[in-house]
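The values are calculated or read from the model by the stated rules, or taken from the named source; none is laboratory data. Note that this is a predicted model, so its numbers are computed, not measured. Virtual Cβ from ideal backbone geometry, glycine too; neighbours counted across all protein chains shown.
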Amino acid sequence: MASYSTNEFRNGLKIMQDGEPCVIVENEFVRPGKGQAFARAKLRYLLTGRVVERTFKSGDSVEGADVMDQDMEYLYTDGEFWHFMDPASFEQVAADAKAVGDNAKWLVEQNSCQITTWNGNPIAVTPPNMVVLEVTDTDPGLKGDTSSGGNKPATLNTGAVVNVPLFVQIGEKIKVDTRSGEYAGRAKE
Amino acid sequence: MTPWQPTAPLSNLRHRAQLLREVRAFFHERQVLEVDTPLLMPNSVTDPYMTALEVHNLGQTYYLQTSPEYAMKRLLCAGIGDIYQLGKNVRAEERGAKHQSEFTLLEWYRVGWDHHQLMDEVFALVSMATGLSKRENYTYQQCFEQYLAFDPLAITTPQLAAIASEKLGQLPADLRHDDYLSLLFATCIEPFLGQGGVAFVSDFPASQASLARLNPEHQTAARFECYCSGLELANGFWELTEATLQQQRFEADNLTRQTLGKPTIAIDEPFLAALEHGLPMCSGVALGFDRLLMLSLGESDIARVVPFAQ
């Protein structure tokens with residue numbers, strides 16, 4: 001893998017630190033008076049999500065991380081792995097529970113997701129911002145109550161639970177924003 | 001489509017031309033002579049943390065000058081009197097929101113003045129360009145005591161290392177005493193200096209004297225910096241005039257370069273010969289013109305004040 005000088009640092013660059021892949025989220029060139037110049041970077045560790053500040057001497061090199069983001073189609077889960085396919089090459093990859101994390105509840109078959117791989121292995125799965133899911137269980141509520149009188153929990157076909165308006169009924173399809181986990185409206189068929 | 005448009009709005013470039021005129025008028029009025037020393041010269045500076053770009057021409061190596069200092073001092077030794085230069089300089093491997101490798105520097109020298117007199121003149125120029133009328137004066141020591149609660153002249157290197165990593169997270173393992181000081185200064189002090197005014201910091205540690213003479217107590221140097229809105233604007237010295245001391249500092253720089261694994265730089269002999277002939281007692285300062293323009297326009301990215309930022 002290529003190495004990068006701090007002069008090549010830019011937001012979004014993926015580098016290795018402590019044997020783990022990181023992404024640069026902020027980067028500043030610091031040149032104090034007549035002294036040593038530095039690159040001050042904020043790094044997000046891709047495996048754990050933790051963000052740390054780190055200072056490099058300007059001109060030092062760091063190893064690049066073989067990290068790629070790729071759009072892939074979600075196929076199915078066998079309970080242990082979630083399987084995705086590259087729609088162009090039909091190549092398949094299997095992501096484990098650590099890579100999928102809480103996003104498992106937003107995975108809908110045939111949806112396109114962003115798969116982040118490190119050395120070819122999936123380390124993160126990002127679902128589309130908006131997904132359409134079916135309500136499988138919710139309190140029936142009062143018939144005819146279509147006003148905005150409050151919310152109630154609804155269980156969706158993927159197992160996700162979101163708060164929905166009182167008028168939403170079992171069997172309806174709704175849109176959910178996966179970034180916030182919030183109800184975003186009824187889905188138009 | 002290939003991007004071709006300027007990085008600065010045209011209105012900023014018109015303001016740039018206006019400020020160039022005002023700066024020249026400022027010095028004309030004060031009877032300071034404009035000089036225009038070469039950008040290409042066969043020598044460069046020994047500063048451990050400064051890299052000049054090399055070019056090959058006429059069968060010889062030349063360096064794009066990182067500042068006009070040595071050439072201007074040779075003119076001072078020749079007896080030219082008060083001078084200023086407003087022109088381009090180039091420093092390798094510098095790019096950021098406040099840095100471009102090629103930049104415009106305003107440098108001037110006042111014969112017979114000490115650095116306090118020169119600070120007054122820097123303040124007059126910065127006030128003219130920015131409209132700021134508030135002035136603050138600190139020593140280097142006071143800055144550290146105020147913002148970081150320690151004495152930079154007394155602290156040990158291990159204590160410094162501990163404070164720096166507590167404030168800034170993980171740092172390179174092989175930093176030197178002055179690296180910690182300047183990193184802490186740049187990140188924990190500089191951003192707060194000159195809020196709504198112009199701040200001067202003087203009496204840097206002797207280890208950061210550069211080309212300034214030492215103060216009588218020999219712990220600090222007659223060097224100052226000027227800050228506005230947290231931006232470092234200028235660096236000035238009550239100039240060292242002794243050739244032997246200057247030569248010792250060049251040699252010390254080259255030793256530092258060796259320990260850092262950097263190439264040593266041939267000492268600028270014509271400059272030393274000029275000092276041996278005699279540099280009149282003087283003070284000098286270098287001020288980033290592009291940054292002065294940023295302050296004058298309220299811009300925070302240097303790309304917005306130069307026509308085509310790289």
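Worth pointing out:
- Qualifying residue in region B:243-252 (condition: buried (at least 21 other Cβ atoms within 10 Å of the Cβ) and closer than 30 Å to B:Gln18 by Cα): no
- The residue list A:Val108, A:Val93, A:Val135 contains one member that is out of contact with any Ser or Thr (no Cβ under 6 Å at 6 or more places or on another chain) and within 23 Å of A:Lys14 (Cβ to Cβ), which is A:Val93.
- Here B:Leu240 meets each of (1) within 12 Å of chain A (Cβ to nearest Cβ); (2) surrounded by fewer than 23 Cβ atoms within 10 Å (Cβ to Cβ); (3) more than 24 Å from B:Gly96 (Cβ to Cβ) with one exception, condition (1).
- Strands (runs of 3 or more DSSP E) contained entirely in region A:1-117, each with at least 1 residues that are surrounded by 13 or more Cβ atoms within 10 Å (Cβ to Cβ), within 12 Å of chain B (Cβ to nearest Cβ) and out of contact with any helix residue (DSSP H, G or I) (no Cβ under 6 Å at 6 or more places or on another chain): A:3-5, A:14-17, A:20-30, A:38-45, A:51-57, A:61-63
- Under the condition of being touching a residue at least 24 places away in the same chain (Cβ under 8 Å), outside any helix (DSSP H, G or I) and more than 20 Å from the chain's Cα centre (by Cα), the residues counted in region B:280-305 number 2.
- Considering only residues in region B:5-38 that are under 18 Å from B:Gly284 (Cβ atoms) and more than 21 Å from the chain's Cα centre (by Cα), the one that is surrounded by the most Cβ atoms within 10 Å (Cβ to Cβ) turns out to be B:Arg30.
- Within the option set B:Thr51, B:Thr61, being among the polar types (S, T, N, Q) and either part of a helix (DSSP H, G or I) or away from chain A (no Cβ under 14 Å) (or both) holds for one residue only, B:Thr61.
- Among the residues of region B:51-62, those identified as touching a residue at least 12 places away in the same chain (Cβ under 8 Å) and surrounded by fewer than 20 Cβ atoms within 10 Å (Cβ to Cβ) are B:Leu53, B:Val55, B:Asn57, B:Gln60, B:Thr61, B:Tyr62.
- Extreme residue, farthest from B:Asp253 (Cα to Cα), among residues of region B:207-228 that are at pLDDT 95 or above and within 14 Å of another protein chain (Cβ to nearest Cβ): B:Tyr227
- Yes/no for B:Asp82 being acidic (Asp, Glu) and either free of Cβ contacts under 8 Å to residues at least 60 places away in the same chain or in contact with a His (Cβ under 9 Å, 6 or more places away or on another chain) (or both): yes
- Condition check for B:Ala252: free of Cβ contacts under 8 Å to residues at least 12 places away in the same chain and within 21 Å of the chain's Cα centre (by Cα): yes
- Cβ-Cβ distances below 6 Å connect the following pairs, each with a first residue in region B:186-199 that is at the interface with another protein chain (Cβ under 10 Å from one of its Cβ atoms), a second residue that is β-branched (Val, Ile, Thr) and crowded, with 18+ Cβ neighbours inside 10 Å, and a separation of six or more residues or different chains: B:Ala186/A:Val30.
- B:Val285 being within 30 Å of B:Trp4 (Cβ to Cβ) and among the hydrophobic types (A, V, I, L, M, F, W, C): no
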